[in-house]
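Report on one structure; see the data block that follows.
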Amino acid sequence: MNGLLDAKVPTGNVVHGDVRAGDGGTINMAAGDQIFLSIEALRRRIRFLSDPQRLDGEMASIVPPPDLDAHLRSLRETRLLILSGGPQTGLSTAARHRWKTFADASPGLDAEDFFPSGRDELLDELDRLRKPCVLLLDISHDREFGATLAESLPQVQAALREQDCRLVIALHEGASQEMRRAMPSAVHRLGRPDPVAVIARRTRRDDLVLRLLDNEEFANELATVWPPRAVPLAAFIEECPPDYDPNRLVEDLRPLLRDHSAELKKLVEDTVTTVGARALLIAAGALQGAGRDAIVFAAGDLTSVAGPEGHPTSPFEGPSLDQQFGALRPSIDPDSGRFLRPYDGDALLPYVWEQFPSWRTPIRAWLDLLLGSRRLDDDALSVLLPRLLSFAAATGAADLVTQRAAVIADRTRARRELAAGLLLAGSIDAAIGPQVRRQLRLWAYHDAVPSALLRSVALACGAPEYASRFPRSAFTRLRHLLSSKDESVRATAVEATVSAARSLPPQATLEYLGEWAGRDAETAERTAILLTAALADVEVRRRWVGDWLARDPHGAVVALWRSIFVNAGPGTVRDAVAAWLEFSAVAPPGHRAMLADRLSIAATVNFWTLGQLSQSVGEHAWAGRPASPGASVLRQRLADHLDQAKVAL
């Protein structure tokens, strides 16, 4: 039987993401691979997910959930606050509110986001903390992480105590029992704030809100609403004209209060019953905001991958656009191809994914076809990709992102960047991020993966939004990619690691590089090459010029250079030393000699390491090498030091 004509199945709850689609778009039948709008659409999505000002704005308009005092007391006494709640309750925002409130009331305690990918990484990152802080860990979409973390809560608490830190955890409700058994005093169930107060905080139309509450039936419905459903109500009320009829407003708001699965069930199972109509409906949901012609062509592709049933044998047998979209009335405006209620378009793909499992294979194949090179034009792609991310987040099907990125990545730089943007946006999404990051790890470990995809993985891991959240993950993936047999992958990994260094504190970058250089000769060689590239980057140099590198309080700089001197080859060492001296020469005057001296301190291990540095600053090695006057002065300083250096026999 054709997948799109399967038997009806029971309905269920629908959860969908927030998407803002642009206008326009047609199938790209002949144009080149110009995908600037698509890349920018993903960048907007990434900026939205990572924008601290958006998060601060949320905090300014939040109505605090109940039990604030008990939650803050838990943080003070146990150093942990574990908030659990169900989907669509505003749990992540509530946990962020508690985190920020505690930090604001605690002078000298910084508020820091925390993004470990698992229990072991969490414990490792806690050990790396350098100052008192209150941390926020959102694992509300990752039940497995929560369950495994419960076993280690005593270790987590001990690490927090040792570092004088606190930790707020937003917990998937499925793991709350394990957490409660491990540490009952720290686990709290999220309470619902007053939905009327949530609406009143976000609108100036108090008159309309009060008149709405006069309707007892509506007021009772409203009392059960959590903030994620209350916020759209407030936005609707705020836009109402002054003389808007309250009775009409009640009817307009009711659809926003309710689960739309009943309407979608009727639409998909009873109203739209042919293959062609169902394919058009799904295409309209995926490409809402694109032109009608793009939607129709995409629907034809879906019909063809789903099976031959209902597919016309000749293009001259097909109906017109007006006829095709007219069959979807009253859900879709036939003139624009848009859903009359935008939330129906947002909810449609998650609904059919959940309720019609046999449709999943043709939908995956259809997405692969649409995302293939030169299939959709830039306008249509820029509509599809953000909706694809929302679709994946709503269903938890991370492969909708990862495997589609594998389809997109090819030999062209633009499509590799597009694939990297899709992977990056997926990796920082709260719902599918852990799955996407695990897939990045699997790909990075295997040379059999196509080089174009590995280069996209490198670009994603080196992006500031990824490296700043998951520094250990980023550097571990990049270390494996730097050892690839493919020269192009290695080159992209160097580029990506330099990009990551631009967004991280210098001590973090140098500690990771020091770990690499101490592994073996081959890794040390690549690390020295990478250090040379980083020191040539203007942004990295600007970030690294400071008091910390000159003082080297934890010995990270000396440890890195010591490992390079011990393990790397002479030619690579010479290039790295020259780059370091050029970097030191443009540092503030008081830091220049201190930075250069890190090298002589690192070299006093044995005669080999002294010889490495001596050869690197010798007249023969320096001859013919372009060098600034300042670097030459520092080179001579090191040469003088080496004449007096001693090592134990």
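The values are calculated or read from the model by the stated rules, or taken from the named source; none is laboratory data. None of these values were measured; they are calculated from a predicted model. Here Cβ is always computed from backbone atoms with ideal geometry, including for glycine, and neighbour counts include all displayed protein chains. All accessible areas refer to the heavy atoms of the entire protein, side chains included, with ligands and DNA or RNA removed. Shrake-Rupley method; radii C 1.70, N 1.55, O 1.52, S 1.80 Å.
Values for this structure:
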| item | result |
| --- | --- |
| Verdict on ALA568 being under 34 Å from the mean Cα position of the chain (by Cα) and either more than 23 Å from LEU481 (Cβ to Cβ) or open to solvent by less than 20 Å² (accessible area, probe 1.4 Å) (or both) | no |
| Count - residues of region 206-241 that are over 19 Å from ARG341 (Cβ atoms) and either in contact with a strand residue (DSSP E or B) (Cβ under 8 Å, 6 or more places away or on another chain) or of a type in the set (Asp, Glu) (or both) | 5 |
| Test: residue in region 433-449 that is touching a helix residue (DSSP H, G or I) at 6+ places or on another chain (Cβ under 8 Å), farther than 27 Å from LEU126 by Cα, among the polar types (S, T, N, Q) and open to solvent by 20 Å² or more (accessible area, probe 1.4 Å) | no |
| Some residue of region 326-337 being among the basic types (Lys, Arg) and at pLDDT 85 or above | no |
| Residue check, ALA186 small (Gly, Ala, Ser), surrounded by 21 or more Cβ atoms within 10 Å (Cβ to Cβ) and within 27 Å of the chain's Cα centre (by Cα) | no |
| Test: residue in region 412-429 that is more than 16 Å from SER499 (Cβ to Cβ), in contact with a Lys or Arg (Cβ under 9 Å, 6 or more places away or on another chain) and polar (S, T, N, Q) | no |
| Members of region 384-427 found to be outside any helix (DSSP H, G or I) and at pLDDT below 90, listed by number | GLY396, ASP410, ARG411, THR412 |
| Flag if PRO228 is modelled with pLDDT of 85 or more, open to solvent by 30 Å² or more (accessible area, probe 1.4 Å) and either farther than 20 Å from PRO362 by Cβ or basic (Lys, Arg) (or both) | yes |
| Among (1) among the aliphatic types (A, V, I, L, M); (2) touching a residue at least 60 places away in the same chain (Cβ under 8 Å); (3) crowded, with 21+ Cβ neighbours inside 10 Å - the single one ALA430 does not satisfy | (3) |
| Any pair with Cβ under 7 angstrom, 6 or more apart, that starts in region 31-44 at a residue that is over 9 Å from LEU418 (Cα atoms) and at pLDDT below 70 and ends at one that is open to solvent by less than 100 Å² (accessible area, probe 1.4 Å) and in a loop (DSSP other than H, G, I, E, B) | ALA31/ASP377; ASP33/SER373; ASP33/THR412 |
| Test: ILE62 is out of contact with any Ser or Thr (no Cβ under 7 Å at 6 or more places or on another chain), among the aliphatic types (A, V, I, L, M) and on the phi < 0 side of the Ramachandran plot | no |
| In region 382-419, the residues that are open to solvent by less than 10 Å² (accessible area, probe 1.4 Å) and more than 20 Å from LEU349 (Cβ to Cβ) | ARG415, LEU418, ALA419 |
| Among the candidates GLU162, GLU217, GLU178, GLU125, residue that is open to solvent by 10 Å² or more (accessible area, probe 1.4 Å), touching a Phe, Trp or Tyr at 6+ places or on another chain (Cβ under 8 Å), of a type in the set (D, E, K, R) and part of a helix (DSSP H, G or I) | GLU125 |
| Selection count where residues are over 20 Å from GLU539 (Cα atoms) and either modelled with pLDDT under 90 or open to solvent by 40 Å² or more (accessible area, probe 1.4 Å) (or both), scope region 487-507 | 2 |
| Among the residues listed as SER468, SER484, the single one being within 22 Å of ARG519 (Cα to Cα), surrounded by fewer than 24 Cβ atoms within 10 Å (Cβ to Cβ), in contact with a Leu (Cβ under 8 Å, 6 or more places away or on another chain) and polar (S, T, N, Q) | SER484 |
| Of all residues making up region 255-299, the number that are open to solvent by 10 Å² or more (accessible area, probe 1.4 Å) and under 16 Å from ASP377 (Cα atoms) | 6 |
| Selection within region 133-147 - open to solvent by less than 50 Å² (accessible area, probe 1.4 Å) and not acidic (Asp, Glu) | CYS133, VAL134, LEU135, LEU136, LEU137, ILE139, SER140, PHE145, GLY146, ALA147 |
| LEU167 assigned by the TED database to the domain that holds GLY90, open to solvent by less than 10 Å² (accessible area, probe 1.4 Å), outside any helix (DSSP H, G or I) and not polar (S, T, N, Q) | yes |
